[in-house]
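Presented below is the structure to which this report refers.
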Amino acid sequence: MSEGLSISPESVEAWLHELLPGSRIYVLDQVHSDGIVFAEEVVPGDIPSADGIISRDTDAVLCIRTADCVPVLLWADDMPLIGAVHAGWRGLAKGIVKKGIKLMQSLGASAIHVGIGPCIGICCYEVSKDVADVFGPQEVVHNGSAMYLDLAGAALSQCLEAGVREHMVYKINLCTSCHPGQFFSYRRDGDAAGRNLSLIGGKSWSLPGLQVG
Ligand SMILES: [Zn+2]
């Protein structure tokens, strides 16, 4: 956590360059789409509008910013290939996690691991009927008239649908809203919320990652 640091993608990228000098760092202008870009096609210095990124260069550092949405990190055992996806309900509804895995498979990866990072849990993520109706009954819990969505569960379902074996998926079951000392949460903190950073690539990868705000 860094006081006074802006949460914009440009600021986060500049901060990561200071933290990881000499690294090729990729930050996205996340727009709740199912757009996934290849790092090798990004013009240096550009911040693409997309919600996923894949790189054949495992020394590259891919960064996803979240404050309740699901950060999903991907890596292959059988070839140099990494990926990172930002998945809120809109992105999940568009199948972005499954799409990211399929893209990696289309490049030749078959042994793909997935890290599903901290996000708002089913304990706290009350949604409208319109949102709940987008998902299957296994991802929605009813409590009286209230409905709660299991974002991480939806991400896991897409991994399995894409053919990733369950033991290759590492799901961190920590709710961002329930853990104010550890994570930022938009639902809890509103516009004042910072961003949790999830990184993959470089010399090492980390979950839950760094926080700015
Ligand atoms: Zn919670």
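General observations
- Where helices (runs of 4 or more DSSP H) sit wholly within segment 125-193, those with at least 3 residues that are under 17 Å from the mean Cα position of the chain (by Cα) occupy 151-161.
- Taken over segment 111-123, the criterion of being within 16 Å of the ligand (Cβ to nearest atom), touching a residue at least 60 places away in the same chain (Cβ under 8 Å) and out of contact with any helix residue (DSSP H, G or I) (no Cβ under 6 Å at 6 or more places or on another chain) is satisfied by Gly117, Pro118.
Every read-out reported here was derived from the displayed coordinates using simple, explicitly stated rules and does not represent laboratory data. Every value quoted in this text rests on a predicted model; they were computed, and no experiment measured them. Counting neighbours? That spans all protein chains shown, and the Cβs are built from the backbone with ideal geometry, glycine included.
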